[in-house]
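Structure first, then comments.
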Amino acid sequence: GGGGARRRTSDGGDRPDPRLKEAQQRLGGVQRSQQQQQRQQHYPPSRAQSFQSWASGEDLDTKDQRRAWRVAMLLFVSLMVHNFPEGLAVSAAALEADKLGITVTIGIAIHNIPEGIAIAVPCLAARPDSPWISFALASFSGLAEPLGAFVSLLFLRGFGKTEKDSWLSLENVLAFVAG
């Protein structure tokens with residue numbers, strides 16, 4: 001009956017060979033992947049798909065490169081979030097006193113150097129042929145700081161020196177920044 005390879009059992013009957021089913025499944029997987037490749041040739045990925053592949057590191061060749069890229073992306077996002085409140089601190093300190101503002105700005109600028117290096121090194125490990133990406137990610141993460149300073153200036157302009165008990169005083173802003 002039913003076509004395909006059969007195997008004799010110990011009781012004299014026969015049943016379909018399980019190796020045949022396994023081979024058919026493998027062949028089906030090969031056919032599906034060939035169909036996917038043909039579809040990709042006819043329909044190239046959209047820009048959103050290309051960006052998603054790039055951002056997630058799917059376009060990288062080795063496991064180590066993909067791991068380094070994930071570390072770089074994690075550091076990029078976390079340091080960008082970290083830099084926003086630092087901008088609040090810089091502008092709040094500058095509004096309080098000029099010398100204090102300069103001191104805080106210099107201190108934060110110095111500590112931003114290793115933060116940029118922390119982003120650039122895994123990025124270079126993942127994409128050694130594109131050093132400009134390392135530079136861009138390290139720079140963009142630092143741009144959250146001036147954005148935080150701008151937001152702080154918008155909210156603190158009228159507060160601070162005239163209203164000592166204001167909830168937007170320097171002490172409260174610095175407490176917020178400190179966590």
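The values are calculated or read from the model by the stated rules, or taken from the named source; none is laboratory data. All of these numbers come straight from a predicted model, not from anything done at the bench. For neighbour counting, all protein chains shown are included, and Cβ atoms are generated from backbone atoms with ideal geometry for every residue, glycine included. SASA here: full protein model, heavy atoms, side chains in, ligands and nucleic acids out. Shrake-Rupley method; radii C 1.70, N 1.55, O 1.52, S 1.80 Å.
Quick one: is S134 of a type in the set (G, A, S), out of contact with any helix residue (DSSP H, G or I) (no Cβ under 7 Å at 6 or more places or on another chain) and assigned to a helix (DSSP H, G or I)?
no
For A97, indicate whether it is among the hydrophobic types (A, V, I, L, M, F, W, C) and buried (at least 19 other Cβ atoms within 10 Å of the Cβ).
no
Do you know which residues across the stretch 100-131 are among the acidic types (D, E) and assigned to a helix (DSSP H, G or I)?
Once the filter is applied, which keeps residues that are among the acidic types (D, E) and assigned to a helix (DSSP H, G or I), the stretch 100-131 yields only E115.
For the stretch 151-178, name all the residues that are modelled with pLDDT of 75 or more, surrounded by 13 or more Cβ atoms within 10 Å (Cβ to Cβ) and among the small types (G, A, S).
S152 - this is the single residue of the stretch 151-178 that is modelled with pLDDT of 75 or more, surrounded by 13 or more Cβ atoms within 10 Å (Cβ to Cβ) and among the small types (G, A, S).
Any chance the stretch 58-69 includes a residue that's of a type in the set (D, E, K, R), surrounded by 13 or more Cβ atoms within 10 Å (Cβ to Cβ) and within 29 Å of N172 (Cβ to Cβ)?
No, because not a single residue in the stretch 58-69 is of a type in the set (D, E, K, R), surrounded by 13 or more Cβ atoms within 10 Å (Cβ to Cβ) and within 29 Å of N172 (Cβ to Cβ).
Within the stretch 77-84, does at least one residue satisfy the condition of being surrounded by fewer than 18 Cβ atoms within 10 Å (Cβ to Cβ) and either touching a strand residue (DSSP E or B) at 6+ places or on another chain (Cβ under 6 Å) or more than 20 Å from G179 (Cβ to Cβ) (or both)?
Checked against the condition, which is being surrounded by fewer than 18 Cβ atoms within 10 Å (Cβ to Cβ) and either touching a strand residue (DSSP E or B) at 6+ places or on another chain (Cβ under 6 Å) or more than 20 Å from G179 (Cβ to Cβ) (or both), the stretch 77-84 yields no hits at all.
Restricting attention to the stretch 85-99, which residues are assigned to a helix (DSSP H, G or I) and more than 17 Å from L154 (Cβ to Cβ)?
D98, K99
Working only within the stretch 107-130, note down all residues that are farther than 23 Å from V173 by Cα, open to solvent by 80 Å² or more (accessible area, probe 1.4 Å) and aliphatic (A, V, I, L, M).
Correct list: I113, I117, V121.
Suppose the filter is under 21 Å from G148 (Cβ atoms), open to solvent by 20 Å² or more (accessible area, probe 1.4 Å) and in contact with a Ser or Thr (Cβ under 6 Å, 6 or more places away or on another chain); does V104 pass it?
Criteria not met by V104.
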